[in-house]
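One structure below.
The values are calculated or read from the model by the stated rules, or taken from the named source; none is laboratory data. Computed from a prediction, not measured in an experiment: that's the story for all the values here. When we count neighbours, we look across all protein chains shown, and the Cβ atoms used for this are built from the backbone with ideal geometry, even at glycine.
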Amino acid sequence: MNRDESGREPPSVATEWTEQRTTESTKDRVYAVAIQLYEPTRVATVAEDADVSKETAREYLKWFAEIGMITQDGESPDLFSRNESYFEWRRIQRLRGQPIEELERT
């Protein structure tokens, strides 16, 4: 492995990912998983991927569904998926806030 200027080996990608996960808030971890739910997904799967309890995952997923970011696609078991319309709306709002010159360059 290549060493940095201090002579130490840089951390592996897995180490960096683990360190980042431990410094993220619970909400951020559930959010990071929720925005990737392209098909209806069980709460237990989200909880495992976000490294939180099922109850915590369910609480945040229901809140994200209330604000429209995701949709609740089923109950018993609770299933959630990404709401593409929400993300399109967010992109439009972001673009609307940019000067026309900036948009023309992109």
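In region 56-67, the residues that are closer than 12 Å to Ala44 by Cα never reach a residue that is among the aromatic types (Phe, Trp, Tyr) and part of a helix (DSSP H, G or I) with C-beta atoms less than 7 angstrom apart, at least six apart or across chains. Identification of helices (runs of 4 or more DSSP H) wholly contained in region 1-75 with 2 or more residues that are of a type in the set (Ser, Thr, Tyr) and at pLDDT below 95 yields 13-23.
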